[in-house]
Amino acid sequence: MAGHAENTDIIVATQVNKWYGDFHALKNVSLAVKRREVVVIIGPSGSGKSTFIRTINRLEEHQSGEIVVDGIPLTHDVRNIEAIRMETGMVFQQFNLFPHLTVLQNITLAPMHVRKIKKAEAEARAMQLLERVGIPEQAPKFPGQLSGGQQQRVAIARALAMQPKIMLFDEPTSALDPEMIREVLEVMEELAESGMTMVVVTHEMGFARGVADRIVFMDSGEIVEIGTPEHFFTDPQHDRTKLFLQQILK
Amino acid sequence: MATGIPPTHWVNPNPPAPSQKPPATTVGGIGWLRAHLFSTAANSVLTLATLWVLYWIGERLARWLAGAFWEPIWANRKLFATGIYPSEQLGQPAVVLLLVCALFGLSAGRWGSIMRTVGIGLAALLLLLALIPLGGMAQAVMAAGLALLLGGYWLGARGWVASRWLVAGWVLSGPLTFVLLLGGVELPLLGASPAVDSSLWGGLMLTMLLAVVGIALSFPVGVLLALGRRSKLPVIRYFSIGYIELIRGVPLITLLFMGMTMLPLFLPGGWGNPSQLVRAMTAITFFSAAYLAENVRGGLQAIPKGQYEAADALGLSGLDSLRFIILPQALVKVIPAIVGQFIGLFKDTSLVSLVGLLELVAVAKAVIQQPEWLGVAGGVAKEVYVFVGLIFFLFSYGMSFASRRLESKLGFGKR
């Protein structure tokens, strides 16, 4: 694929629309994400931010518009979808670890069967990733034996094991007890510093302010405002943005 | 403070209190009896009534047992074991038994867990049979089986056989069993032997064969049907639904009779005329697969959507996602239902006695009508059916016990 230089767009979504039945969930959503950029999407619940992030790796299908990920157009072609999924890692609100596999097996499964990496190598890399997220001692345990924060860190390691170019986070801390949110955010901050391209749906305004390169505000299925954190929090332009910020920063 | 309830703002000045053991749950035999059986007047009455009923049944049973006449079972032990399989060729089923013992031994050693549980049960049974003076070569065969089981365990536990070879061994043991039992070809060790028509197979051997073949074939078919019923492709989905509903709407005995009369209509020209045994096996497999499919579907529906999404997001193909993520979880959730289905299948094999196959119940009927026992007052039906019932119970309970072990084993570290 051409154009790996810095500052080129790695995700380009153009005029994306999606309906659930008659409900218009995404309305002409257009967004370009640059390589190494951290984009945080915020907005009230039901605003379509999770739906949008899930269209990027085709967990949700969009009905019109165009999405191109690292030069690969997202079409009905299964090969394209699989290629895009290999480039993107995803972290879910409910972790979605595989409960019947150990932490180590959770992380090595996809590298072994999708990237065809040898077991020993996959395990060595998995251990490195567990070191990186700070819980190597949990490798032989099952997910059910871990705290929520630990599970989410395993989920991040599992996604990273596929060596994705982009990481998608769908409300990664929303299901966590308050004292565990910090440990997950720290891992995400470290990841952002390492230069990973990240698209993050979150309600953590501290993270948005401190880590995001740009903030996208969505409401009622459309993008209302896009801006840098300073701009966004100190000088919001749109009335809907102002109202939302008033409500959450009270 | 006198009440011990802290005022509105209060800081505990003490270091953390040490953990204490929970209060004892048992308070001695008498205490337990009082707490559980005689806690109230009504409970006491219920306890005494139950004891009286148990005594009444037990006393009758004991009186019957004291006068029971077990000779017909002992005299027909060969018939109960293998039916009218030619006596001079019993070496062939013996080799099958030894093969199975060796495989169980190796598997128990290699894989442990549930295989070890099953292996222990099998060892106990073989030991018992080796100690009873069954006559002929039977005792020696049982002892050899036990030796192979233990030897296999020893080798398996030391990793002498790869899992993959063991699986291959189990898969091959199916066709090999049929070759050995049918005979009529040059067999290694046994040499040439006359062919034994499958209509001569019988007894516990036939019951086991029907059950194992039924289980082994209906399981994959059932899983495929369950997946088919959830398929996005209408042709596959409607075929699966049609098959499942059609088969579930028909009694097994009807299917068995249909197999006897109608199966050749559905076979290609050159397939000729399948034996009664093959027809019965086909009917049992088709029947069981439909029920199994519904059980497995229940498990598939219990898998949260997030598991599919996580597998998709990692780029796993549909097949890999099924193999590694969805099916392992779905099947574990329905182990009790599946094993229940298999126990049902095992007992339902007795229906083939109605289409002319000599399995355990058919042997029982034949034994009861033997002229030798005509003079016995009250007949010998009670003893014979109690014996057959015990055999069915023994294996059914074994399956049930093993399934509970498997369930707790596969709890995924849940507390």
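The values are calculated or read from the model by the stated rules, or taken from the named source; none is laboratory data. Just so we're clear, the structure is a prediction, and the values are computed from it rather than from any experiment. Cβ placement follows ideal geometry from the backbone for every residue including glycine, while neighbour counts extend to all protein chains displayed. We work out accessible area using only protein heavy atoms, side chains counted, and drop any ligands, DNA or RNA first. Shrake-Rupley method; radii C 1.70, N 1.55, O 1.52, S 1.80 Å.
Structure summary
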{"quantity": "Angle in degrees between helix B:163-182 and the longest Cα principal axis of chain B, rounded to the nearest 10", "calculated": "30 degrees"}
{"quantity": "Share of pairwise Cα separations in the stretch B:109-195, more than 22 Å, in percent", "calculated": "43 percent"}
{"quantity": "For the stretch B:102-108, Karplus couplings with θ = phi - 60° (6.51, -1.76, 1.60), whole Hz, Gly/Pro x", "calculated": "4, 5, 5, x, 4, 5, 4"}
{"quantity": "Derived scalar couplings ³J(HN,Hα) [the stretch B:298-307; Karplus, 6.51 cos²θ - 1.76 cosθ + 1.60; whole Hz; x for Gly, Pro]", "calculated": "x, x, 4, 5, 7, 7, x, 4, x, 5"}
{"quantity": "Per-residue ³J(HN,Hα) for the stretch B:397-405, Karplus 6.51 cos²θ - 1.76 cosθ + 1.60, θ = phi - 60°, Hz, x for Gly and Pro", "calculated": "5, x, 5, 4, 4, 4, 5, 5, 4"}
{"quantity": "Mean Kyte hydropathy of 1.6 or more with a Cα span along the axis of at least 30 Å, helices from DSSP in chain A", "calculated": "none"}
{"quantity": "The protein assembly as shown shape via C-alpha gyration tensor axes, a/c threshold 1.5", "calculated": "prolate"}
{"quantity": "Accessible surface, per residue, of chain B when the full set of protein chains is kept, probe 1.4 Å, Å²", "calculated": "57 Å²"}
{"quantity": "For B:Val380, distant residues with modelled amide H under 5 Å away", "calculated": "none"}
{"quantity": "Pairwise centroid distance, computed over Cα atoms, of the stretch A:193-229 with the stretch B:270-321, Å", "calculated": "45 Å"}
{"quantity": "Helix-only CD estimate at 222 nm, as mean residue ellipticity for chain A, using -39500 (n - 2.57) per DSSP H run (n ≥ 4)", "calculated": "-11500 deg cm²/dmol"}
{"quantity": "Potential lengthening between B:Phe178 and B:Val235 on full extension [0.36 nm per residue; Cα-Cα distance subtracted]", "calculated": "17.0 nm"}
{"quantity": "For A:Asp219, distant residues with modelled amide H under 5 Å away", "calculated": "A:Val224"}
{"quantity": "Apportionment of accessible area to carbon and sulfur, the stretch B:86-195, percent (1.4 Å)", "calculated": "76 percent"}
{"quantity": "Sparse-neighbour loop sites [trypsin sites (Lys or Arg not before Pro); the stretch A:6-79; at most 16 other C-beta within 10 Å; DSSP]", "calculated": "A:Arg36"}
{"quantity": "Angle between chain B longest axis and helix B:335-348 axis [Cα atoms, degrees, rounded to 10]", "calculated": "30 degrees"}
{"quantity": "Shielding of A:77-90 by partner chains, average beta-carbon count, 10 Å", "calculated": "2"}
{"quantity": "Chain A, relative contact order in percent, only Cα pairs under 8 angstrom and at least six apart counted", "calculated": "26 percent"}
{"quantity": "Centre separation in Å (Cα based) which lies between the stretch A:119-143 and the stretch B:223-259", "calculated": "44 Å"}
{"quantity": "Accessible-area composition of the stretch B:197-415, carbon plus sulfur, in percent [1.4 Å probe]", "calculated": "69 percent"}
{"quantity": "Above-threshold pairs, the threshold being 28 Å between Cα atoms, out of A:Lys141/B:Lys333; A:Lys49/A:Lys116; A:Lys49/A:Lys118; B:Lys78/B:Lys347; A:Lys34/B:Lys232", "calculated": "A:Lys49/A:Lys116; A:Lys49/A:Lys118; A:Lys34/B:Lys232"}
{"quantity": "Nonlocal amide H pairs with A:Lys141, under 5 Å, H built at 1.01 Å", "calculated": "A:Val103, A:Leu104"}
{"quantity": "Cα centroid separation - the stretch A:20-51 against the stretch B:194-218, whole Å", "calculated": "62 Å"}
{"quantity": "Anisotropy class of the stretch B:197-415 from Cα gyration tensor, a/c 1.5 cut", "calculated": "oblate"}
{"quantity": "Cα-based shape type of the stretch B:2-101, given that a ≥ b ≥ c are square roots of the gyration tensor eigenvalues and the cut on a/c is 1.5", "calculated": "oblate"}
{"quantity": "Surface/4 estimate of mean projected area, convex hull on alpha-carbon atoms of chain A, nm²", "calculated": "14.0 nm²"}
{"quantity": "Estimated buried accessible area (total), pair B and A, 1.4 Å, Å² to nearest 100", "calculated": "2000 Å²"}
{"quantity": "Between helix B:234-248 and chain B: long-axis angle, C-alpha atoms, 0 to 90°, nearest 10", "calculated": "80 degrees"}
{"quantity": "Per principal axis, descending, Cα span of chain B in whole Å", "calculated": "96, 66, 49"}
{"quantity": "Mean separation of Cα contacts under 8 Å (6+ apart) over length of chain B, as relative contact order %", "calculated": "18 percent"}
{"quantity": "Within 10 Å of each Cβ in A:56-62, the average number of Cβ atoms from other chains", "calculated": "2"}
{"quantity": "The stretch B:197-415, relative contact order in percent, only Cα pairs under 8 angstrom and at least six apart counted", "calculated": "28 percent"}
